[in-house]
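All remarks here apply to the structure that follows.
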Amino acid sequence: MPTVSFKNDTGSEVTVNLFGATVTSWKHEGEEFLFCSKQAVFDDKKAIRGGIPIVFPQFGPWDLGPQHGFARIKMWKQTSEAHHGDNGAVSMDFALEDDDETRKMWNKQFKLVYTVTLMQNTLETALTVHNTGDTEFDFTTLLHTYMRVEDIYQTSLHGLEGCTFSDKVNGGEHVEDRASIIINQNYDRVYVNVDGPVNICQDIQTLGTLRIERNNLPDVVVWNPWQEKAKAMADLADSEYVEMLCVEAGAVSSPVVLKSGEQKTFSQRLIICRGQQVTL
Ligand SMILES: O=P(O)(O)OC[C@H]1O[C@H](O)[C@H](O)[C@@H](O)[C@@H]1O
């Protein structure tokens, strides 16, 4: 499948697969920060198991089409070459518009513009949804980011304390009472209206702390299928659950409404804080 890569001047490189406009790799100084399964399927049909699949127009199961919508399983267009912005930033743009196939599932006219930007120590991904039709529509969306971790047992998540979450594994709504979360089981929780950044901290210092900042993506889904579910997934190797953690910035707890002609941008910044003092 067609992929495109670009670099900046501070040792970062990103690769985007036009299938789903899925960012599949983000390297900084030779170190890979995103997880992509060894068993990921690149067949033009199934969403890529890793990187940053784009969820649109529906997070989760969908009556009108496939789970997590169609954006991650459509072929996108690359609409620009790598272009240079302020402070050494390098960006590339991708687009997806409604077609016969999308209208059969979701009869709306839209344009998605996705801008992937490398900045110093930072990857920004920004999805702009345009309503190009003449009626209002609503949707949910999410950047389904698979972070690479060296060892899930030595990884903790910070920034969710006090947030309400729904637990998709055990059911129910709860309030997170932990400042530091260690994932050690099948974990699938939707944290709602999370203020401020979320930090992924690794005791092993190669990857260090990674900070996720979000714009118009109020919710954070945390997912790791753990051992048993991983074994049942054909596109994830049995032991790979220890090498990944999905921290997904989304607008999923209440649908976003766009009127005819309106547009809205949803973005995240993944910031490498290695070697820096991090306030959790
Ligand atoms: O297997 P997929 O369709 O890619 O979904 C992978 C996962 O995505 C999100 O994290 C959901 O909260 C999970 O419930 C789901 O299992």
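The values are calculated or read from the model by the stated rules, or taken from the named source; none is laboratory data. All values derive from a computational prediction rather than experimental measurement. All Cβ positions, even for glycine, are placed from backbone atoms using ideal geometry, and neighbour counts span all protein chains on display.
Look at region 203-225: where a residue is farther than 25 Å from Glu240 by Cα and a partner is assigned to a loop (DSSP other than H, G, I, E, B) and away from the ligand (no atom under 16 Å from the Cβ), sitting 6+ places away or on another chain with Cβ atoms under 8 Å, you get Glu213/Pro197; Arg214/Pro197; Pro218/Asn193; Asp219/Asn193. Among the residues making up region 57-85, those that are surrounded by 14 or more Cβ atoms within 10 Å (Cβ to Cβ) and in a strand (DSSP E or B) are Gly69, Gln78.
Among the strands (runs of 3 or more DSSP E) contained in region 173-280, which hold 2 or more residues that are crowded, with 19+ Cβ neighbours inside 10 Å? Break it down into steps so the answer makes sense when it comes.
Values: elements: 173-175, 187-191, 198-202, 210-215, 219-224, 244-258, 263-272.
The qualifying strands (runs of 3 or more DSSP E) are 187-191, 198-202, 210-215, 219-224, 244-258, 263-272.
In region 127-141, the residue that is surrounded by the most Cβ atoms within 10 Å (Cβ to Cβ) out of those that are of a type outside the set (S, T, N, Q) and more than 19 Å from Glu248 (Cβ to Cβ) is Phe137. Of all residues in region 241-276 being in contact with a Lys or Arg (Cβ under 7 Å, 6 or more places away or on another chain) and of a type outside the set (S, T, N, Q), which is nearest to His130 (Cα to Cα)? Within region 241-276, the match that is nearest to His130 (Cα to Cα) is Leu258.
Against the criterion of being within 16 Å of the ligand (Cβ to nearest atom) and touching a strand residue (DSSP E or B) at 6+ places or on another chain (Cβ under 9 Å), Gly88 does not qualify.
Of the residues that make up region 48-64, is at least one out of contact with any strand residue (DSSP E or B) (no Cβ under 9 Å at 6 or more places or on another chain) and over 14 Å from Thr141 (Cα atoms)?
Of region 48-64, the ones out of contact with any strand residue (DSSP E or B) (no Cβ under 9 Å at 6 or more places or on another chain) are 61, 63-64.
From the residues that got through so far, the ones that are over 14 Å from Thr141 (Cα atoms) too are 63-64.
Taking every residue of region 48-64 in turn, at least one turns out to be out of contact with any strand residue (DSSP E or B) (no Cβ under 9 Å at 6 or more places or on another chain) and over 14 Å from Thr141 (Cα atoms).
Return a yes/no flag: does region 5-16 have any residue that is within 16 Å of the ligand (Cβ to nearest atom), crowded, with 22+ Cβ neighbours inside 10 Å and modelled with pLDDT of 95 or more. Full working, then the answer.
To start, the set of residues in region 5-16 that are within 16 Å of the ligand (Cβ to nearest atom) comprises none.
There is no residue in region 5-16 that is within 16 Å of the ligand (Cβ to nearest atom), crowded, with 22+ Cβ neighbours inside 10 Å and modelled with pLDDT of 95 or more.
Between Glu248, Glu213, Glu228, Glu240, the distinction of being within 16 Å of the ligand (Cβ to nearest atom), under 24 Å from Tyr114 (Cα atoms) and among the charged types (D, E, K, R) belongs to Glu248 only.
Would you please name the residue that is modelled with the lowest pLDDT, looking only at residues in region 17-30 that are small (Gly, Ala, Ser) and outside any strand (DSSP E or B)?
Start the filter on region 17-30 by keeping residues that are small (Gly, Ala, Ser), which leaves 20-21, 25, 30.
If we keep only those that are outside any strand (DSSP E or B) as well, we get 20-21, 30.
Working: Gly20: 98, Ala21: 98, Gly30: 92.
Ranking the qualifying residues of region 17-30, first place goes to Gly30.
Look at (1) surrounded by 23 or more Cβ atoms within 10 Å (Cβ to Cβ); (2) on the phi < 0 side of the Ramachandran plot and you find that Gly50 fails only one, number (2). Among the residues making up region 158-172, those that are closer than 12 Å to Val222 by Cβ and assigned to a loop (DSSP other than H, G, I, E, B) are Gly159, Leu160, Cys163, Lys168, Val169.
Kindly establish whether Asp93 is acidic (Asp, Glu), away from the ligand (no atom under 15 Å from the Cβ) and over 29 Å from Lys27 (Cα atoms).
On the way: acidic (Asp, Glu): yes; away from the ligand (no atom under 15 Å from the Cβ): yes; over 29 Å from Lys27 (Cα atoms): no.
It is false that Asp93 is acidic (Asp, Glu), away from the ligand (no atom under 15 Å from the Cβ) and over 29 Å from Lys27 (Cα atoms).
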